[in-house]
Amino acid sequence: MRIELRTQTADDTRAVGEALADLLRPRDAVILTGELGAGKTTLVQGVARGLGVQEPVVSPTFTLIREHRGRLHVAHVDVYRLDRIQDVVDLALDELGDGEAVLLVEWGDAIEELLPADHLTIEMTSAETEGDARRVVLTPGGPPWVERWEILEHALAPWTVPA
């Protein structure tokens, strides 16, 4: 089970994030993977916009966590620079937003075992062409995402790559 998308511009990538935001619930975890510059933060900007976050959303690479308030509490996390699992444990991700935050974790595949078992994985890669085109693959992890899958497929239909 997976959804493969193609976005042509950074605005398309933000629009995908905005469509995803409508399906997010408190305590959801989303793992974002992909090489540097693949558009992970751009997608998070769209999620934040979709959740009504008003302040600018920038990469938390050097701060590790940036929290935002909108319809839901959002914790945008970047674990790229962390070398040890204990560094991640010390972040107390499960306590962010009084334990209710939506976790959007860049490079989250490196710490998947520390994140909730029920999570959505989004893998992003640059497309073969020039510009801002991206390939985006979403994979559900756990019953909560399987339950929302059909709605998610419908919400992301404008960017879906035909099977």
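Some points to look at:
- Of all residues in region 115-129, exactly one satisfies the criterion of being among the hydroxyl-bearing types (Ser, Thr, Tyr) and modelled with pLDDT under 85, namely Thr129.
- The single condition among (1) over 17 Å from Ala155 (Cβ atoms); (2) touching a Leu at 6+ places or on another chain (Cβ under 8 Å); (3) acidic (Asp, Glu) that Glu35 does not meet is (2).
- Region 19-36, subset within 17 Å of Ala127 (Cα to Cα) and among the hydrophobic types (A, V, I, L, M, F, W, C), residue farthest from the chain's Cα centre (by Cα): Leu36
- Counting only residues that are farther than 20 Å from Gly50 by Cα, without any contact (Cβ under 8 Å) to a residue 60 or more places away in the chain and not acidic (Asp, Glu), region 142-161 holds 2 of them.
- One residue stands out in region 98-113 among those that are crowded, with 19+ Cβ neighbours inside 10 Å and in contact with a Lys or Arg (Cβ under 9 Å, 6 or more places away or on another chain): the one that is nearest to Asp22 (Cα to Cα), namely Val102.
- Selection from region 39-62 of residues that are part of a loop (DSSP other than H, G, I, E, B) and under 12 Å from the mean Cα position of the chain (by Cα): Gly39
- Residues of region 14-59 satisfying the condition of being closer than 14 Å to Ala101 by Cα, open to solvent by 10 Å² or more (accessible area, probe 1.4 Å) and either β-branched (Val, Ile, Thr) or without any contact (Cβ under 8 Å) to a residue 12 or more places away in the chain (or both): Val53
- Of all residue pairs spaced 6 or more apart or on separate chains, those with beta-carbon atoms under 6 Å, a first member in region 105-122 that is over 19 Å from Leu43 (Cα atoms) and a second member that is at pLDDT 85 or above and assigned to a helix (DSSP H, G or I) are Asp118/Pro144.
The values are calculated or read from the model by the stated rules, or taken from the named source; none is laboratory data. Because the structure is a prediction, the values reported are computed rather than measured. Heads up, the Cβs are rebuilt from the backbone with ideal geometry, glycines too, and the neighbour counts pull from every protein chain shown. To get the accessible areas, we keep the full protein, side chains included, count just its heavy atoms, and leave off ligands, DNA and RNA. Shrake-Rupley method; radii C 1.70, N 1.55, O 1.52, S 1.80 Å.
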